[in-house]
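A.B. asks: This structure is in structure tokens; I'll ask about it shortly.
The values are calculated or read from the model by the stated rules, or taken from the named source; none is laboratory data. Every value quoted in this text rests on a predicted model; they were computed, and no experiment measured them. Glycine gets a Cβ as well: all are built from the backbone with ideal geometry, and neighbour counts include every protein chain shown.
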Amino acid sequence: MGEPQEAMAYRRYERETMSGEHVLICVAWPYANGPLHLGHVAGCYLPPDIQYRFERAMGNRVLMVSGSDEHGTPITVTAETQGITPQAVVDQYHEMNLKALLDLGCSWSTHLDPRGAEYGGALFNRTSDPEHKRMVQENFRALETGGFFERKTTEQYYEVNEDGTGRFLPDRYVEGTCPACGADGARGDQCDACGATYEAVELKNPVSKMNPSATIEIRETDHLFYRLDLFQDALEHHALNQQSSWKSNVKAMTKQWLDMGLRPRAVTRDLEWGIPVPLDGETWDGKCIYVWFEAVQGYSTCARIWSKTHAPSLPDGEETWKRWWCVGENGTVPRHLYFLGKDNIPFHTVIWPALILGLNHVHKGGTASEPVSLPGPGEFALESNVPAMEYLMLAGGQFSKSRKHAVWLPSFLERYDPDTLRYYLSINMPENHDTDFNWPDFVERVNSELIAAYGNFVHRVLTLGARLPHEEGASPFAAHDGHSSVEAHRAHLEGALGDITTSLQRHRYKEALRAIMTVAQYGNQVLQNAAPWKHLKEPQDGADESLAALAFCWRIARFLAITTQPFLPTSAQRLWSTLGNDDDVSAMAWQESVNWDAPLTWSAETPQPLFQRLDLDEILAAEQNLVEEGPESDAVHGVKGGKKKGGKKVKEEIEGITYLEFETFMKVNLRVGRILSVEDHPNADKLYVVRLDDGTDDGRTICAGLKAYYEPEEMEGKLVVFVENLKPRPLRGVTSEGMMLAADDGNDGVRLVTIDGDIAPGSQVR
């Protein structure tokens, strides 16, 4: 049996255009101390999944790595707060967050690319993995042997109990006033408000987070510090090389750090929960490796663990990871992309590169007394780009897990289609400035853009196609494909694909998705101008061009299935299957979207809508029930998206809504009418005069400004919703006795509100 045409096309494209570039996608490691919220998704976890899917479609060899950050004080704080062990915390939230990411449609289950291990895959790991621990300790010892650590006696806050016992207080155990910006609630070593980092004892007005009434002293303790200052020149050189790639926020924050001058930074801390310091002596008992030093190494340890687990059969076996990590002997550099929020920028443009340079240096026998250099052949590569996001805000305030100001991802996905969230967060992504999440805007964009522009287009194409004469099992579009009149449409889509591709290559996800949605709008215009419904029963003049346009609309739908796949994988697959394909749309090469020779596949199944409309009132009522009262509940069910255990409902108004009294709304009488006839208004170019069967003997007349959107025959016979008790008024000499409801997407798309199924005219809408 021969290879299917789609597979053949893919292989042809692979031979001709695939670069096979090695792309490493590094995703910020979320703390496993609570559920992910929508701020996390928009800033860190959706953009890399989009990029991963796009790069694979482009034919590149892509490895995506991340996992749960399971050490450090966020974990122990949560454990102490809940009265459980740190291990219980990380076990619970690792599973919860991984499931939520998979439910969102993220690609973490794709451990191996279907094309083979040489093409990469994805691994969402854990920093509690014994292999990660072993590798981190190996790197620690190597850097210590190379002289890149210095020992210091430091001052640190110490909590003294009434009985004289106590403990050193790591960063998140202390809160106070930021020494840089003066914000309250700053952590012991970092301020979330301004992003500043500082020594713990620099914090003003310190108090113990877990025991605010306790006495706090400053005591001495010994720690090891990484010599960041030795990498100042190399990192400045690297930053200069990256000016054309980095976003403005990345350039600005990196420059701020470098301009201040790099100082040695502690790599050990007084905390037992973490990877133990691998050095002998009582000094290091009860101390662990600082999580900043440990967790960032997860990008390399995860790649090595993936290689050992999933690629042992390849020629280089467990060393396969080096394809994505090391500069080639010919100077070829793998492309490293780091996805994170803006608060983590310095860790990925200064601290992690300094660790990489240090490891490169000691692996080739160098010591701290010798100058370090940028990576060469066989060494670990530095990042190619850091497309860091700004913040997604909630009701004007920053999403925060610690402050329980959030819409939680697991809770959201229990109630809504994941692709609606992926769409909204993509089209509203905080790429260059903070953006805001609110429910009215979410509903409006989903209904008026995702459904009205995209979903309705493909549904109309397929339902109209089903009405064309065709043999069983054959495509109804086949007889009308390839007409010369569609050449301009082909050129338009090829140009659009170029724009979409460029946007994705530049990490401009909003721009790319808008361009895709513009193609959907273009398809609606093609369909509307062609008016193929006129020729379904009996072809008239212009039938060839009209039905050819309809057939090309099928190709537009195919284009949309392939190009939406990185953004909306679940609905893209639904559409792909509805188009008559039995394979996976994610396996399609990107360029296949404009393959005009692809067969016009067809499914005999009745096409179903891609999405369900959202009802704002229902959502607000549901969210109202989930709004939490008080700060004492657990982290899983924080606010707006979580459920309170007991207690009464909180009566809050949702931001961005002009509320209408129920009694006022009930004065509006909505009923069903059937359109009997549609005629041109004698005195108004843009108006129709519509006769309705409203369930009465006389019927009624309504003037409607729908000439730009409907032909008369499209409207006749439709069951529509109209306002019965609107005061009659003359419009250019014709009295209008009501108003039909219609939806307007704001982009020149207007559609009547119609009734699903059959019901008697005059029926009340309620």
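A.B. asks: Looking only at residues that are among the polar types (S, T, N, Q) and crowded, with 16+ Cβ neighbours inside 10 Å in region 70-100, which one is farthest from Lys287 (Cα to Cα)? Before the answer, list the steps.
C.D. replies: As a first pass, look at region 70-100 and keep what is among the polar types (S, T, N, Q): 73, 76, 78, 81-82, 85, 87, 92, 97.
Pick out the ones that are also crowded, with 16+ Cβ neighbours inside 10 Å and you get 73, 76, 78, 92, 97.
Working: Thr73: 13, Thr76: 14, Thr78: 20, Gln92: 25, Asn97: 29 Å.
Filtering first and then ranking leaves Asn97.
A.B. asks: Something else now. Can Ala760 be described as in contact (Cβ under 8 Å) with a residue 40 or more places away in the chain, outside the structural domain of Asn529 (by TED's automatic domain parsing), part of a loop (DSSP other than H, G, I, E, B) and surrounded by fewer than 17 Cβ atoms within 10 Å (Cβ to Cβ)? Walk me through how you get there before you give the answer.
C.D. replies: Working: in contact (Cβ under 8 Å) with a residue 40 or more places away in the chain: yes; outside the structural domain of Asn529 (by TED's automatic domain parsing): yes; part of a loop (DSSP other than H, G, I, E, B): yes; surrounded by fewer than 17 Cβ atoms within 10 Å (Cβ to Cβ): yes.
In short, yes.
A.B. asks: Does region 336-358 contain any residue that is of a type in the set (Asp, Glu), part of a helix (DSSP H, G or I) and under 24 Å from Pro47 (Cβ atoms)? Steps first, answer last, please.
C.D. replies: First pass over region 336-358, keeping only residues of a type in the set (Asp, Glu): 343.
Now drop any that are not part of a helix (DSSP H, G or I), which leaves 343.
With under 24 Å from Pro47 (Cβ atoms) added as a condition, the list becomes 343.
Within region 336-358, one or more residues are of a type in the set (Asp, Glu), part of a helix (DSSP H, G or I) and under 24 Å from Pro47 (Cβ atoms).
A.B. asks: Listed residues Lys133, Lys99; which is under 33 Å from the mean Cα position of the chain (by Cα), more than 27 Å from Leu355 (Cα to Cα) and basic (Lys, Arg)? Show your work before the answer.
C.D. replies: Values: Lys133 fails: more than 27 Å from Leu355 (Cα to Cα).
Just one listed residue meets the conditions, Lys99.
A.B. asks: Quick one: which of Glu329, Glu318 is in contact (Cβ under 8 Å) with a residue 40 or more places away in the chain, in the same structural domain as Val62 (by TED's automatic domain parsing) and surrounded by fewer than 16 Cβ atoms within 10 Å (Cβ to Cβ)?
C.D. replies: On the way: Glu318 fails: in contact (Cβ under 8 Å) with a residue 40 or more places away in the chain.
None of the other options fit; the residue is Glu329.
A.B. asks: Right, next: Does Glu175 qualify as being over 19 Å from Trp29 (Cα atoms), surrounded by 15 or more Cβ atoms within 10 Å (Cβ to Cβ) and among the charged types (D, E, K, R)? Outline the logic, then answer.
C.D. replies: Working: over 19 Å from Trp29 (Cα atoms): yes; surrounded by 15 or more Cβ atoms within 10 Å (Cβ to Cβ): yes; among the charged types (D, E, K, R): yes.
Against the criterion (over 19 Å from Trp29 (Cα atoms), surrounded by 15 or more Cβ atoms within 10 Å (Cβ to Cβ) and among the charged types (D, E, K, R)), Glu175 qualifies.
A.B. asks: Taking region 188-208, which residues are at pLDDT 85 or above and surrounded by 15 or more Cβ atoms within 10 Å (Cβ to Cβ)?
C.D. replies: Hits for region 188-208 are Cys191, Glu202, Leu203, Pro206, Val207, Ser208.
A.B. asks: Among the listed residues Lys287, Lys247, identify the single one that is within 27 Å of Pro430 (Cα to Cα) and not hydrophobic (A, V, I, L, M, F, W, C). Lay out the reasoning, then the answer.
C.D. replies: Numbers: Lys287 fails: within 27 Å of Pro430 (Cα to Cα).
Testing whether each residue is within 27 Å of Pro430 (Cα to Cα) and not hydrophobic (A, V, I, L, M, F, W, C) leaves just Lys247.
A.B. asks: Another question, then. Can you go through Gly523, Gly498 and tell me which one is buried (at least 18 other Cβ atoms within 10 Å of the Cβ), over 21 Å from the mean Cα position of the chain (by Cα) and assigned to a helix (DSSP H, G or I)? Write out each step before concluding.
C.D. replies: On the way: Gly498 fails: buried (at least 18 other Cβ atoms within 10 Å of the Cβ).
Matching residue, one of Gly523, Gly498: Gly523.
A.B. asks: In region 717-740, what residues are outside any loop (DSSP other than H, G, I, E, B) and surrounded by 14 or more Cβ atoms within 10 Å (Cβ to Cβ)? Spell out the reasoning first.
C.D. replies: Keep residues of region 717-740 that are outside any loop (DSSP other than H, G, I, E, B), which gives 719-723, 729-731, 734-736, 739-740.
Selection gives Leu719, Val720, Val721, Phe722, Val723, Leu731, Val734, Ser736, Met739, Met740.
A.B. asks: Name the residue that is nearest to Val519 (Cα to Cα), counting only residues in region 533-553 that are touching a helix residue (DSSP H, G or I) at 6+ places or on another chain (Cβ under 6 Å) and touching a residue at least 60 places away in the same chain (Cβ under 8 Å).
C.D. replies: So the residue we want is Cys553.
A.B. asks: I'd like to know if region 171-178 contains one or more residues that are at pLDDT 90 or above and aromatic (Phe, Trp, Tyr).
C.D. replies: No, because not a single residue in region 171-178 is at pLDDT 90 or above and aromatic (Phe, Trp, Tyr).
A.B. asks: Could you list, ordered by first residue, the pairs with Cβ atoms under 8 Å in which the first is in region 499-522 and touching a residue at least 60 places away in the same chain (Cβ under 8 Å) and within 17 Å of Arg56 (Cα to Cα) and the second is of a type in the set (Phe, Trp, Tyr) and assigned to a helix (DSSP H, G or I), at least 6 apart or interchain?
C.D. replies: Thr501/Trp590; Leu504/Phe54
A.B. asks: Do you know which residues across region 711-733 are at pLDDT 90 or above and either in contact with a Pro (Cβ under 9 Å, 6 or more places away or on another chain) or within 24 Å of Ala520 (Cα to Cα) (or both)?
C.D. replies: Scanning region 711-733 gives Met715, Leu719.
A.B. asks: Turning to a different aspect of this structure: Report the residue count in region 61-94 for those that are among the charged types (D, E, K, R) and under 21 Å from Gly39 (Cβ atoms). If you could, list the steps in order and put the result at the bottom.
C.D. replies: Filtering region 61-94 for residues among the charged types (D, E, K, R) gives 61, 69-70, 80, 91.
Next cut, under 21 Å from Gly39 (Cβ atoms) only: 69-70.
Here the count works out to 2.
A.B. asks: Which residues, counting only those in region 28-84, are among the polar types (S, T, N, Q), at pLDDT 95 or above and under 21 Å from Trp292 (Cα atoms)? Explain how you work it out, then say what you get.
C.D. replies: So in region 28-84, the residues among the polar types (S, T, N, Q) come out as 33, 51, 60, 66, 68, 73, 76, 78, 81-82.
Okay, now just the ones that are also at pLDDT 95 or above, so 51, 60, 66, 68.
Hits for region 28-84 are Ser66, Ser68.
A.B. asks: Please work out which residue is nearest to the chain's Cα centre (by Cα), limiting yourself to region 274-303 and to residues that are farther than 22 Å from Ala368 by Cβ and part of a helix (DSSP H, G or I).
C.D. replies: Looking at residues that are farther than 22 Å from Ala368 by Cβ and part of a helix (DSSP H, G or I), I get Tyr299.
A.B. asks: With respect to Asp189, determine if the residue is free of Cβ contacts under 8 Å to residues at least 24 places away in the same chain, touching a helix residue (DSSP H, G or I) at 6+ places or on another chain (Cβ under 9 Å) and within 21 Å of Glu272 (Cα to Cα). I'd like the intermediate steps shown before the answer.
C.D. replies: On the way: free of Cβ contacts under 8 Å to residues at least 24 places away in the same chain: yes; touching a helix residue (DSSP H, G or I) at 6+ places or on another chain (Cβ under 9 Å): yes; within 21 Å of Glu272 (Cα to Cα): yes.
Spelling it out, Asp189 is indeed free of Cβ contacts under 8 Å to residues at least 24 places away in the same chain, touching a helix residue (DSSP H, G or I) at 6+ places or on another chain (Cβ under 9 Å) and within 21 Å of Glu272 (Cα to Cα).
A.B. asks: Moving to a separate point now. Within region 613-634, track down each residue that is outside any helix (DSSP H, G or I) and either modelled with pLDDT of 70 or more or not charged (D, E, K, R) (or both). Spell out how you get there, then give the answer.
C.D. replies: So the first thing to find is which residues in region 613-634 are outside any helix (DSSP H, G or I), and the list is 613-615, 627-634.
Across region 613-634, the qualifying residues are Arg613, Leu614, Asp615, Val627, Gly630, Pro631, Ser633.
A.B. asks: For region 193-221, how many residues meet the condition of being β-branched (Val, Ile, Thr) and assigned to a helix (DSSP H, G or I)? Working first, answer last.
C.D. replies: Step one: of region 193-221, the residues β-branched (Val, Ile, Thr) are 197, 201, 207, 215-216, 218, 221.
Now narrow it down to the ones that are assigned to a helix (DSSP H, G or I): 201.
Adding up the residues that qualify gives 1.
A.B. asks: Within the group Leu230, Leu235, Leu271, Leu224, which residue is assigned to a loop (DSSP other than H, G, I, E, B) and touching a residue at least 40 places away in the same chain (Cβ under 8 Å)?
C.D. replies: Leu271
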